[in-house]
Amino acid sequence: MSTPRFVDGYLGYLLGQANHAVYKDFDAQVRAAGLSSIEWRVLATLHDSDPQTVSQLAEEVLSKQPTVTKLVQRMAGHGWVELLADPVDQRRTLVGITATGRRLVRPLIDKARIHEESVLRALGASEQNALKRLLAKLASASP
């Protein structure tokens, strides 16, 4: 009998594998809509949120601030997002989604919900809720 592999019980590996399983099929739909995965994450984050600073957005979309700065400038050029002066601190720039960006991302949000339902079908409703609650708790507890 073989010893269990380290990675088969390692949280980081399991989370990465789960992320890949959830996202791999949906990524094709994102690309078919003409978006990269990070553009999708930006638009999905902003679609029902108040405008955010670039640093907040970078944290939300799991990317580095310089990358997101360049990305949102390019996305603003497409008319998907707008760069706004922060009314509280004029030195900061906020990023908000435009009507064009909302129209682009809305069908993908609907497809993402359907895709999530199919992925989570193996779990019962209480397991789905527990999984999401525990993942959110783990994410917010990260240093």
Practice prompt. Consider all pairwise Cα distances in the chain and report the whole-number % of them above 23 Å.
Written response: 46 percent
Practice prompt. Along Cα→Cβ, 7 Å out, is where each label goes; now give me the distance between the ones at residue 28 and residue 100 in nm to one decimal.
Written response: 3.0 nm
Worksheet item: What is the diffusion coefficient of region 53-108 in µm²/s, taking the Kirkwood radius over Cα pairs and the Stokes-Einstein relation at 37 °C with a viscosity of 0.692 mPa s?
Response: 281 µm²/s
Worksheet entry | Pairs of Lys in the chain closer than 24 Å at Cα, counting only those 8 or more apart or on different chains | 5
Worksheet, complete the sentence: Pseudo-spin-label distance residue 137 to residue 49, built 7 Å along Cα→Cβ, given in nm, is 2.3 nm
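Quick note: the coordinates plus some simple rules give every number you see, no bench work behind them. Because the structure is predicted, anything quoted here is derived from the model rather than measured. Cβ atoms come from the backbone with ideal geometry, glycine included; neighbour counts cover every protein chain shown.
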